[in-house]
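One structure below.
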Amino acid sequence: MKQPNRITISNIAELAGVSKATASLVLNGKGDEYRVSEDTQQRILAIAEEHRYQPSFHARALRSSRSHTIGLVLPFLTQFTNASLAKELESLFRNAGIQIIIACSDEDPEQERVVVNNLLQRQVDGLIVISSNTSDEAYSKIHSYVPVVQLGRQIGDSSLPLIMTDATTATAHLIQVLGTQSPEEVYYFGGEPSLTPSKQRLSGYKQGLQQAQVIVRPEWIRQRNYLSYSGYDMMEEVCNELGRPPKALFTASFSLLEGVLQYLNQNPEMQQGLHLASFDDHELLDFMPLHVDSIAQDYTALAFNAFTMLMALMEDKPLTSPVNQTIPARIRWRHPESRRLSKLMAADFLRK
C-alpha cells in the first residue's frame with residue numbers, strides 16, 4: 001500500500017520562505033523565546049494547519065531521550081476493577097501527552113515476565129503494575145533504570161512505590177454489620193490467598209466477625225481465584241451442602257459476585273433469606289431486586305496517585321507524598337437493615 005506524502009518541516013519552511021531552523025522553532029513553541037516576528041510565526045503556523053502537519057513522534061523521542069509512553073500491566077483487562085483503573089489512567093496520561101500501552105498477564109507470572117520485557121523493548125518511560133508475582137526481584141532491578149509503581153497489590157513485602165485500597169477497614173465494618181444481622185453463618189468467597197488484596201479482605205472478614213462476637217467456622221471460608229466461574233462453583237457447592245442458601249455471604253470481588261448472581265439467576269429459590277455483600281461496587285447493583293451491600297474503591301484517587309507518583313519518578317522530581325499510600329474505601333449500604341444497623345453503630349461510636 002502506497003504511503004501518503006506527509007508534509008515536513010523543510011516543506012513548511014520552503015512554503016513560508018524561512019529557514020528550516022526558524023520553522024522548527026515556531027512549530028516547537030519557541031518562536032517568542034528566539035524573537036521570531038509575530039507575522040512570521042503566524043505564517044508558519046497557518047501553513048502547518050492548512051497542510052495538517054503532525055510532528056514526528058519518533059523524532060520527538062530521540063530529541064528528549066524519552067518515548068513518551070508508559071506500560072500498564074494488568075492481570076485481566078475485562079475485570080471491572082482493572083478496566084476502571086485503566087480508563088482513569090489512560091485519561092490522565094493522555095492529557096499529559098503520554099501514551100499508555102496496556103499488557104495483560106492473565107494472572108500468570110511467566111506471561112507477566114514476557115509482557116514486561118516487551119514493554120521495556122519498546123523503551124517505555126515507566127511501568128504501573130498490578131502484578132501476579134510474589135517476589136519483586138525482577139521489578140527491583142527494572143526500577144533502577146525505569147520507575148515502577150505498584151497499583152492495587154503489593155508484591156510480597158516489596159518496598160517499591162505502592163498505591164492500594166485500604167481493604168481491611170471497610171471489609172471489617174461491613175462484616176461486623178453482616179455478622180450482627182446473621183450470627184448463625186457468614187460465608188466468605190475469596191480469590192488467590194497469596195495476593196495482598198486477598199489477605200487484606202480475609203483479615204477484614206475475620207476482624208468484622210470478631211467485632212460482631214461471631215466465632216469463625218473454617219467451612220465458611222472458600223478461596224479459589226477471582227474469575228466469575230469460581231463464584232458460581234463455590235455458590236453451587238455451598239447450596240448443595242446446606243440444601244439452602246447461606247444466611248449471609250461476602251464475595252471478595254465483583255467478578256466472584258457475578259458468578260454467584262449467575263447461579264442465583266438459574267436457581268431463584270436460593271435467593272430466599274440470603275443477605276449478599278461484596279467487595280467492589282457497580283451502579284447496576286442499585287437496580288437489582290437483591291439488596292447487595294458493597295465496598296466501593298475510589299478508582300479516581302487510586303489512578304491519580306499512581307499517575308502523580310510515576311510522573312514525579314520519571315521526571316526525577318522529589319516526591320511530595322509517601323511512597324506507600326492507602327486509599328480509603330466506601331461502603332454502599334443497600335439492605336435496609338444494614339443501613340439501620342450501621343447508623344446505630346455509628347451513633348454508638350460517637351457516644352463513646
* Modelled label-to-label distance, Asp233 and Arg66, 7 Å Cα→beta-carbon offset: nm? -> 4.6
* Asked: Between the stretch 134-201 and the stretch 220-275, what is the C-alpha centre distance in whole Å?
  -> 22
* Could you give the size of the charge dipole of the stretch 9-55 about its Cα centre, using +1 on the Cβ of each K and R and -1 on the Cβ of each D and E, expressed in debye and rounded to the nearest 20? => 160
* Asked: Of Thr251, Thr168, Thr300, which has the largest mean-square fluctuation in a 10 Å C-alpha GNM of the chain?
  -> Thr300
* To do: Convert each backbone phi in the stretch 263-268 into a coupling constant with the Karplus relation 6.51 cos²θ - 1.76 cosθ + 1.60 (shift: θ = phi - 60°), then list the ³J(HN,Hα) values in order as whole Hz, x for Gly and Pro.
  => 4, 5, 5, 7, 10, x
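Sum up the charges of everything whose Cβ sits under 15 Å from the Cβ of Lys317, counting Lys and Arg as +1 and Asp and Glu as -1, but leave Lys317 out. If you can, show how the numbers build up before the last one.
Values: positive: Arg66; negative: Asp125, Glu315, Asp316.
With Lys, Arg at +1 and Asp, Glu at -1, the neighbours total -2.
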* **the chain: most fluctuating residue of Ser253, Ser105, Ser19 per GNM, C-alpha cutoff 10 Å** => Ser19
* To do: Of the options Pro318, Thr180, Ile70, report the single residue whose Cα projects farthest towards the positive end of the charge dipole of the chain (beta-carbon charges: Lys, Arg +1; Asp, Glu -1).
  => Pro318
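Hey, what did the stretch 9-55 get for relative contact order, percent, Cα under 8 Å, at least 6 apart?
Working: 33 pairs, mean separation 17.0, N = 47.
Once normalised by length, the contact order is 36 percent.
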* **Estimated vicinal HN-Hα couplings, Hz - the stretch 314-320 in sequence order (Karplus 6.51, -1.76, 1.60; Gly, Pro = x)** => 5, 9, 6, 8, x, 6, 9
* To do: May I ask which residue of Asn225, Thr169, Ile142 lies farthest towards the positive end of the charge dipole of the stretch 97-255, with charges of +1 (Lys, Arg) and -1 (Asp, Glu) on Cβ and the Cα centre as origin?
  => Thr169
* Simple spin-label estimate for Ser144 and Arg94 in nanometres, 7 Å along Cα-Cβ -> 3.7
* Structure fact -> When the charge dipole of the chain is computed with +1 on Lys and Arg Cβ and -1 on Asp and Glu Cβ about the Cα centre, the Cα farthest towards its positive end, among Leu257, Ala48, Pro328, belongs to Ala48
* Gain in span if fully extended, Thr300 to Leu242, counting 0.36 nm per residue against the direct Cα distance -> 16.8 nm
* With θ set to phi - 60°, apply the Karplus curve 6.51 cos²θ - 1.76 cosθ + 1.60 along the stretch 295-300 and write out the HN-Hα couplings as whole Hz, x wherever there is a Gly or Pro. => 10, 9, 7, 8, 5, 4
* State which stretch of the chain is the longest one without any exposed GluC sites (Glu not before Pro), exposure meaning a DSSP loop state and at most 16 other Cβ atoms within 10 Å. => 34-183
* To do: List the residues whose amide H sits under 5 Å from the amide H of Gln99, counting only those 5 or more places along or on another chain, with H placed 1.01 Å from N in the peptide plane.
  => Thr69, Ile70
* Charge dipole (debye, nearest 20) of the chain; +1 at Cβ of Lys and Arg, -1 at Cβ of Asp and Glu -> 720
* Asked: Long-range amide H contacts for Tyr188: which residues qualify at under 5 Å (H placed 1.01 Å from N, peptide plane, sequence gap of 5 or more or a different chain)?
  -> Ile221, Arg222, Phe250
* **Length-normalised contact order of the stretch 100-198 in % [C-alpha pairs under 8 Å, at least 6 apart]** => 21
* **Normalised contact order of the chain, rounded percent, pairs of Cα under 8 Å and 6 or more residues apart** => 14
* To do: Using DSSP, restrict attention to beta bridges with both residues in the chain and report what percent are antiparallel, rounded to the nearest 5.
  => 10
* Helix 167-181 vs. the chain, principal-axis angle (Cα, 0 to 90°, nearest 10) -> 30
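What is the gain in length, in nm to one decimal, between Leu319 and Leu290 on full extension, counting 0.36 nm per residue of separation less the C-alpha to C-alpha distance?
Details: separation 29, 0.36 × 29 = 10.44 nm, distance 4.50 nm.
Full extension of this stretch gives 5.9 nm more.
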* Asked: Across the chain, where is the longest run that never hits chymotrypsin sites (Phe, Trp or Tyr not before Pro) in a DSSP loop with at most 14 other C-beta atoms within 10 Å?
  -> 146-352
* **Summed side-chain charge close to Gly17 - residues other than Gly17 whose Cβ falls under 14 Å, Lys, Arg +1, Asp, Glu -1** => 0
* Structure fact -> Interchain or sequence-distant (5+) residues whose placed amide H lies within less than 5 Å of the amide H of Ser253 are Phe279
* Asked: In nm, to one decimal, how far is the Asp157 label point from the Ser194 one, both placed 7 Å along Cα→Cβ?
  -> 1.7
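So, R0 is 35 Å and r is the distance between the beta-carbons of Ala346 and Asn265; what FRET efficiency does that work out to, to 0.05? All intermediate terms of the calculation are to be shown ahead of the outcome.
Numbers: r = 34 Å, r/R0 = 0.97.
For R0 = 35 Å, the calculated efficiency reads 0.55.
Where a number appears in this text, it was derived from the coordinates with a stated rule and is not lab data. Since the model is a prediction, treat every value here as computed from it, not as a measurement. So basically every Cβ, Gly included, is an ideal-geometry build from the backbone, and we count neighbours across all protein chains shown.
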